[in-house]
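The structure under discussion appears below in the form of structure tokens.
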Amino acid sequence: MLNTLQPFLQEIWKKSNFATPTSIQETTIPLILEGKDLIAESPTGTGKTLAYLLPLLTKIDQDSQSVQAVVLASSQELVMQVYQEFQKWSEGSGIRGASFIGGANVKRQLEKLKKRPQVIFGTPGRLFELIKQKKVKMHEVKTLVLDEADQLLVPEHAGTVRNIIKSTLQDRQVMLFSATLKKETEQIAKELTKEAEIIRIEKDETISEGKVEHIYFSCEPRDKMKLLEKIARLENSKILTFIKDIAEVSVVATKLNYKDLSAGLLHSELSKLERQSALKAFRDGKLKMLIATDVAARGLDIQGVTHVVHLDFPKDFTQYVHRSGRTGRMGANGIVISLVTEREERELKAFCRRLDVPLYKRIFYKGQISEEAQKERTRK
């Protein structure tokens with residue numbers, strides 16, 4: 001499969017010390033090179049970005065000055081993450097790319113267009129604005145990718161995404177990638193594609209098995225904060241904590257920082273620079289904990305996250321899967337911690353049965369996560 005890619009990509013693959021392609025890459029790259037439309041579902045951390053990026057780069061006509069491919073993602077962070085992958089894999093090829101995200105300086109973004117990018121990465125709102133203003137011309141776009149498609153096809157984005165796809169020529173190739181595809185999302189995806197191949201990777205056998213442990217602490221809502229402080233004190237940890245409400249993110253971060261526990265925040269109402277700075281500090285290990293809302297952290301690939309904490313219980317099974325998938329990526333180990341009330345505990349057990357993973361109840365004992373039996377044994 002790799003020998004069907006451009007020589008410069010094969011070279012970078014060798015330098016990256018990747019062994020074999022993952023299942024999603026092995027399955028989708030030949031289909032994309034054939035020009036087929038695609039609806040692909042594969043678990044988090046299985047290499048979906050490269051599954052579409054490598055064939056997309058292979059198909060770029062380097063002599064053409066026009067935009068030939070568009071990659072859409074739902075959050076600024078995800079757009080920038082994919083754009084960084086593009087920069088890495090296009091290095092030395094002469095292929096030009098540009099990113100366009102909401103919240104960024106419009107003037108500066110228009111400057112980028114003067115460099116005639118051949119691949120555009122963007123959030124739907126900002127890109128559609130530029131199309132309406134006739135700043136971005138879509139008449140030569142042959143390839144469209146929807147990354148984290150289920151987030152792009154929620155009611156608030158779906159209309160804009162449809163309009164972007166309509167602005168291209170009829171003989172375009174449309175690809176949708178996601179870690180989870182609900183029935184209703186798949187239905188919309190089928191309407192946006194032509195005879196799409198549907199790919200479902202349940203579990204990737206090519207990735208060495210990491211061990212992700214699912215545990216929970218039973219508590220009253222008012223005690224969740226105390227438990228989070230204890231989690232924040234765990235040694236050698238890199239913790240991503242999920243909260244539903246944007247307002248609560250700041251409150252929780254302030255409380256932790258007051259106790260000298262290093263915590264940053266990530267949500268959609270922060271400026272682009274604030275979001276980038278928090279992510280960088282967390283990635284570089286300067287922040288031990290990042291407290292985030294779901295939209296902001298969706299699809300992010302942060303190496304070495306040791307713990308994911310559900311401070312607020314996820315709204316549904318899909319959200320539990322996406323949040324939990326931020327740890328244990330590409331075969332690493334990780335721990336998923338849920339802080340739950342009695343009612344939430346019942347739901348959590350149902351989620352873990354669906355995932356077919358064991359779930360363990362834990363307590364804190366002498367500052368460490370322990371089994372209840374451990375505490376009893378020590379007492380005796």
Look at region 104-122 and say how many of its residues are surrounded by fewer than 16 Cβ atoms within 10 Å (Cβ to Cβ), in a helix (DSSP H, G or I), without any contact (Cβ under 8 Å) to a residue 24 or more places away in the chain and of a type outside the set (Val, Ile, Thr). 4
Filtered residues of region 191-201 (kept if surrounded by 15 or more Cβ atoms within 10 Å (Cβ to Cβ) and part of a helix (DSSP H, G or I)): Leu192
Being in contact (Cβ under 8 Å) with a residue 40 or more places away in the chain, within 20 Å of the chain's Cα centre (by Cα) and closer than 17 Å to Val119 by Cα: is that true of Ala51 here? yes
Within the bounds of region 25-36, is there any residue that is of a type in the set (A, V, I, L, M), crowded, with 17+ Cβ neighbours inside 10 Å, under 30 Å from Glu269 (Cα atoms) and free of Cβ contacts under 8 Å to residues at least 40 places away in the same chain? no
Across (1) farther than 14 Å from Leu176 by Cβ; (2) at pLDDT below 95, Ile24 clears everything bar (1)
Could you tell me whether region 321-336 includes any residue that is in contact with a helix residue (DSSP H, G or I) (Cβ under 7 Å, 6 or more places away or on another chain) and not in a helix (DSSP H, G or I)? yes
Return yes when Thr180 is more than 22 Å from Gly299 (Cα to Cα) and not in a helix (DSSP H, G or I) and no when it is not. no
Test: Glu148 is within 19 Å of Leu78 (Cβ to Cβ), touching a Lys or Arg at 6+ places or on another chain (Cβ under 7 Å) and surrounded by 15 or more Cβ atoms within 10 Å (Cβ to Cβ): yes
Selection from region 230-247 of residues that are free of Cβ contacts under 8 Å to residues at least 60 places away in the same chain, of a type outside the set (Val, Ile, Thr) and surrounded by 14 or more Cβ atoms within 10 Å (Cβ to Cβ): Ala232
Does Asp260 count as among the charged types (D, E, K, R), more than 25 Å from Lys349 (Cα to Cα), outside any helix (DSSP H, G or I) and at pLDDT 90 or above? yes
Working carefully through the options Leu127, Leu153, find the one that is outside the structural domain of Gln276 (by TED's automatic domain parsing), touching a helix residue (DSSP H, G or I) at 6+ places or on another chain (Cβ under 8 Å), in contact (Cβ under 8 Å) with a residue 40 or more places away in the chain and buried (at least 21 other Cβ atoms within 10 Å of the Cβ). Leu127
Has region 244-263 got at least one residue that is touching a Leu at 6+ places or on another chain (Cβ under 7 Å) and aromatic (Phe, Trp, Tyr)? no
Out of all the residues in region 264-293, which are surrounded by fewer than 19 Cβ atoms within 10 Å (Cβ to Cβ) and either in a loop (DSSP other than H, G, I, E, B) or not small (Gly, Ala, Ser) (or both)? Ser268, Glu269, Ser271, Lys272, Leu273, Glu274, Gln276, Lys280, Arg283, Asp284, Gly285, Lys286
Among residues of region 158-185 being within 21 Å of Arg323 (Cα to Cα) and in contact (Cβ under 8 Å) with a residue 24 or more places away in the chain, the residue surrounded by the most Cβ atoms within 10 Å (Cβ to Cβ) is Leu176
Of the conditions (1) crowded, with 17+ Cβ neighbours inside 10 Å; (2) on the phi < 0 side of the Ramachandran plot, Thr20 satisfies every one except a single condition; which number is it? (1)
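The values are calculated or read from the model by the stated rules, or taken from the named source; none is laboratory data. Keep in mind the model is a prediction, meaning the values are calculated, not measured. In this analysis, Cβ positions are derived from the backbone assuming ideal geometry, glycine residues included, and neighbour counts consider all displayed protein chains.
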